[in-house]
Amino acid sequence: MKLSMNWIRQYADIPVSPAEYESQMIMHGTAVESIDYLGAECEKVVVGRVLTCRDHENSDHLHVCTVDVGSGEPLQIVCGAPNVREGILVPVALVGAKLPGGHVINKGKLRGVESYGMLCSGPEIGVPVELYPSVGEAGLLIFNEDYPLGMDVRKIFGLDDYAVDFEILANRPDCLCVWGIARETAAALGTKLNLPEVSIHEVGGDIRDHVSVYVRDHEKCPRYAARVIKNVRIAPSPLWIRQVLHAAGMRSINNIVDITNLVMLETGHPMHAFDLNKVRGRQIIVRTAEPGEALRTLDGKDHALTENDLLICDAEGPTGLAGIMGGEESEITEGTTEVMFECATFDRAVTRLSARRMGIRTESSGRFERGVSANTVMTALDRACQLVEQLDAGEIVSGHYDYYEKLDPPQPIVCSVKRLAARTGVDIAAEEMVDALTKLNFTVSLDGDCLTVTAPDYRQDVEGDADICEEVLRMVGYDRIPSTRLRGETTPGGFNPMMQRKRQLRPLLSALGYDEIMTYSFVSRKAIASLGLPEDDPRMNPILVRNPLGEDTACMRTTLAPDMLRILGSNYHYGNERAQLYEFGTLFSTERTEEGLFRESPALAMGAYGKGLDFFSLRGAVETLCVQEGVSVTVVPGADCYYHPGRSARLTCGDAVIAQLGQIHPDIAQKYDLPETTLLAEVDLVALYAAAVPMGQAAAVSHMQAVSRDLAMVMPESQPLGPVMDAMRSAAGSLLEDIRLFDIFRGMQLGPNVKSAAFSLTFRSPDQTLTDDTLNPIMNKVLKICKEKFNAEIRS
């Protein structure tokens, strides 16, 4: 929040430099982001009077002027402004002057005529039209008042001032105004607080003859007050108001609107002014929106309303969003003659949710979101009326509306002096506590060790003795806290079981040639839908983000596949001929845990493309991970719809699916602009670790020689080899040490629709040398099982 330091000085003396003021405010708990001198880019610009003005003999638009700047001989200045003429008062940039944008004025010669300075327009010296009326860039800024020649123009425009940017924390909404900052300033510097006494003069009549006000939802509108101004005279605001608004970064509009903005900056209470001649039925109704209602706000945007939005309405419909922005129908214009001032408090949660949903952020909504005290509403309303009288902008009709069900004045807080001192860790006397709290306008009484404190009505953040302790400590000074060495013990960090297992898998994946990627847990619904999953698939019903950053982050991911394919596609477009990637991520389900939270499941995705990579290399990599965890898997053909129907498989352990993998479907490859041979694997880490078998005691190495038998078998082309190898392993019994597939053959010699698969079986006994008499019955049993189950015969 930016405020003029000169404005703060009107209410609290500041007998220190800006740098010291910044330090004192920070040390007393009010953060200052920066202090900027407003006139830093307007040096050596003074008031001058044009004595003579003649046309330049070598130009059709330049003029040669003599200008009196109050000292020395008049200056000759060449000027091209169309509105320059003899006798006017204008800002004059002397030789050596510094202007906004880093421009420096030097002595020069224009079309053969020497010029000793420059006559300035408003924008050239950083003075917008809203601050001082002028023709802008079309010509010179001409002073309407009489100022001494040679006077620094910064004093005229209020640029001889500092803009202080305060960082106000969420628990101190009372400091979002100049009165609040003035209170803090007076307390921090030990100076006198000079807030104005608010009083008004009513001219008679009855407010009820001009407007009727109804509040239908006191929960969302705890207090609503209004006054009426008649015989309104719309005019530009005086210069001092325009200066204050300019320093705060606000634009001057007219006297009535500027008063509402000024009171907001002054008291912290947002206000709104209604043109009563535009209020239909002369009724103001505070209510929630009804189904199907819409509103066009002052920024020209149309908004669909919900039943949670609080509205300011007239007899025919909405005219403004309560606490956020008014509507176009009742805005103040040059023809306004009768005005109703509104000052109210609105529920902070309702204001915040409505403002966020509609994408509107205003000075008003920001204050209501933090909380505005209902106890000081009438003070702010009367202050606005007082300024109307001061500017002679209208007459105050007698009476006012002030609706509220109850007010919550601050309650006394009783605390122990010894306890407060012990909590702060500083030896603070009771009298010092009383003095510190009194500076902050608290009502304090001391009875022995008992301190009874009542906060002022604008302090909504003080609720208990902890808050009193904080107020005392920041006033006596944080520098009084004694320095102590760090005590206690730190808790060593660690990894949970899932993190430890991931750490074990990462080196293995790297050894297999895979690089890790990380993506966001937020995805778009379009990304999930791009996989072509059926509508009843649980993955098509993701958890929606209530307030997403954008459409591409609108929900929580239910699968790692879209992001893996997207990153593979990016690598392919960048010209990487080969990529092998993996990602550990969390999947989110709409199912609830026992604690009522959304269920989260860890998962692993692997993706690859490039020369030398195929289904079997990917399956081998996933099987290696399973072996690492001691999981024996069975290969089952087929996978989800986004995999190639003939080049995909699931790895199962019992009834649990550990992983699915394979080549992606050609349609999916086309969507992501990837090669059709792109590979994808998805591993369910929960299922993997549930089936994991801890490594037991290592078996002794047998000293007996191993015996190998090769077996080539002819079987139907459609027969998967995984079940065949499982059956052989079961039939061979405990003497079988290893079984491997080393060849697959297809050819005319075998006939159509059949294939030959060659296996190598390794046998070893722990205590004897194996002979044909031992192995032949085992091999016969293997052949019999293969014949019966798979119609496989030994190749002749």
Requiring at least 1 residues that are in contact with a Gly (Cβ under 6 Å, 6 or more places away or on another chain) and buried (at least 21 other Cβ atoms within 10 Å of the Cβ), the strands (runs of 3 or more DSSP E) wholly within the stretch 207-325 are 223-230, 271-275, 294-296, 310-313, 318-321
For the stretch 401-447, how many residues meet the condition of being modelled with pLDDT of 90 or more and under 30 Å from Gln283 (Cα atoms)?
4
Tabulated pairs, the stretch 93-120, first over 17 Å from Leu62 (Cα atoms) and modelled with pLDDT of 90 or more, second surrounded by fewer than 13 Cβ atoms within 10 Å (Cβ to Cβ) and of a type outside the set (S, T, N, Q), C-beta under 6 angstrom, 6+ apart or interchain:
Val95/Lys107; Lys98/Val104
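Listed here are the residues, each with its yes/no results for (1) of a type outside the set (Asp, Glu); (2) surrounded by fewer than 19 Cβ atoms within 10 Å (Cβ to Cβ).
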{"residue": "Asp13", "(1), (2)": "no, yes"}
{"residue": "Ser17", "(1), (2)": "yes, yes"}
{"residue": "Glu20", "(1), (2)": "no, yes"}
{"residue": "Glu33", "(1), (2)": "no, yes"}
{"residue": "Asp36", "(1), (2)": "no, yes"}
{"residue": "His56", "(1), (2)": "yes, yes"}
{"residue": "Val67", "(1), (2)": "yes, no"}
Residues satisfying the stated conditions in the stretch 513-559, i.e. out of contact with any Cys (no Cβ under 8 Å at 6 or more places or on another chain), over 30 Å from Arg357 (Cα atoms) and either hydrophobic (A, V, I, L, M, F, W, C) or assigned to a strand (DSSP E or B) (or both)
Asp515, Glu516, Ile517, Met518
Of the criteria (1) over 17 Å from Arg49 (Cα atoms); (2) in contact with a strand residue (DSSP E or B) (Cβ under 7 Å, 6 or more places away or on another chain), which one Met118 fails:
(1)
For the stretch 387-414, which positions are surrounded by 12 or more Cβ atoms within 10 Å (Cβ to Cβ), in contact with a strand residue (DSSP E or B) (Cβ under 8 Å, 6 or more places away or on another chain) and assigned to a loop (DSSP other than H, G, I, E, B)?
Ala393, Gly394, Val397, Ser398, Gly399, His400, Leu407, Pro410
Of (1) of a type in the set (Phe, Trp, Tyr); (2) open to solvent by 40 Å² or more (accessible area, probe 1.4 Å); (3) out of contact with any Ser or Thr (no Cβ under 8 Å at 6 or more places or on another chain), Phe759 satisfies all except one. Which?
(2)
Conditions first: (1) open to solvent by 20 Å² or more (accessible area, probe 1.4 Å); (2) of a type outside the set (Lys, Arg); (3) within 19 Å of Arg503 (Cα to Cα). Ala603 passes all but one, so which condition is the exception?
(1)
Of the residues Glu405, Glu432, only one is among the acidic types (Asp, Glu) and without any contact (Cβ under 8 Å) to a residue 60 or more places away in the chain; which?
Glu432
Filtered residue count, the stretch 769-796, keeping only those that are within 16 Å of Ser734 (Cα to Cα) and surrounded by 13 or more Cβ atoms within 10 Å (Cβ to Cβ):
7
Here is a list of conditions, (1) of a type outside the set (A, V, I, L, M); (2) open to solvent by 40 Å² or more (accessible area, probe 1.4 Å); (3) in contact with a helix residue (DSSP H, G or I) (Cβ under 7 Å, 6 or more places away or on another chain), and Arg85 meets all of them except one; can you say which number that is?
(3)
Just checking, which of Leu437, Leu451 is in a strand (DSSP E or B) and either open to solvent by less than 30 Å² (accessible area, probe 1.4 Å) or among the charged types (D, E, K, R) (or both)?
Leu451
Say we look at the stretch 504-521 and pick out the residues that are open to solvent by less than 80 Å² (accessible area, probe 1.4 Å) and touching a helix residue (DSSP H, G or I) at 6+ places or on another chain (Cβ under 8 Å); which of these is farthest from Leu618 (Cα to Cα)?
Thr519
Filter the stretch 703-758 for residues that are touching an Asp or Glu at 6+ places or on another chain (Cβ under 7 Å) and without any contact (Cβ under 8 Å) to a residue 60 or more places away in the chain; which is farthest from Glu793 (Cα to Cα)?
Ala706
Would you say Met748 is under 30 Å from Gly646 (Cβ atoms) and of a type outside the set (Asp, Glu)?
yes
Looking at the stretch 153-182, which of its residues are touching a strand residue (DSSP E or B) at 6+ places or on another chain (Cβ under 6 Å) and either charged (D, E, K, R) or in a loop (DSSP other than H, G, I, E, B) (or both)?
Asp161, Asp165, Glu167
On the given criteria, is Gly122 in contact with a Ser or Thr (Cβ under 9 Å, 6 or more places away or on another chain), open to solvent by less than 30 Å² (accessible area, probe 1.4 Å) and under 27 Å from Gly158 (Cα atoms)?
yes
Take Val78 and tell me if it is farther than 28 Å from Asn6 by Cβ, at pLDDT 90 or above and open to solvent by less than 60 Å² (accessible area, probe 1.4 Å).
yes
Residues of the stretch 336-364 satisfying the condition of being in a loop (DSSP other than H, G, I, E, B), in contact (Cβ under 8 Å) with a residue 12 or more places away in the chain and over 18 Å from Arg287 (Cα atoms)
Thr336, Thr337, Glu338, Ile360, Thr362
For the stretch 491-508, check the following and say yes or no: at least one residue is touching a residue at least 12 places away in the same chain (Cβ under 8 Å) and not in a helix (DSSP H, G or I).
no
From the list Val444, Val472, which residue is free of Cβ contacts under 8 Å to residues at least 60 places away in the same chain, outside any helix (DSSP H, G or I) and of a type outside the set (Ser, Thr, Tyr)?
Val444
Can you pull out the residues in the stretch 138-170 that are charged (D, E, K, R), closer than 22 Å to Val84 by Cβ and open to solvent by 50 Å² or more (accessible area, probe 1.4 Å)?
Glu145, Asp146
Go through the stretch 300-312 and give me each residue that's among the acidic types (Asp, Glu) and free of Cβ contacts under 8 Å to residues at least 40 places away in the same chain.
Asp302, Glu307
Unique match (being in contact with a Ser or Thr (Cβ under 6 Å, 6 or more places away or on another chain), over 30 Å from Glu342 (Cβ atoms) and of a type in the set (A, V, I, L, M, F, W, C)) among Leu149, Leu141, Leu159, Leu189
Leu141
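The values are calculated or read from the model by the stated rules, or taken from the named source; none is laboratory data. Keep in mind that this is a model prediction, so the values were computed, not measured. Quick reminder, even Gly has a Cβ in these numbers, built from the backbone with ideal geometry, and neighbours come from all protein chains shown. Ligands, DNA and RNA are excluded from the accessible area calculation, which covers all protein heavy atoms including side chains. Shrake-Rupley method; radii C 1.70, N 1.55, O 1.52, S 1.80 Å.
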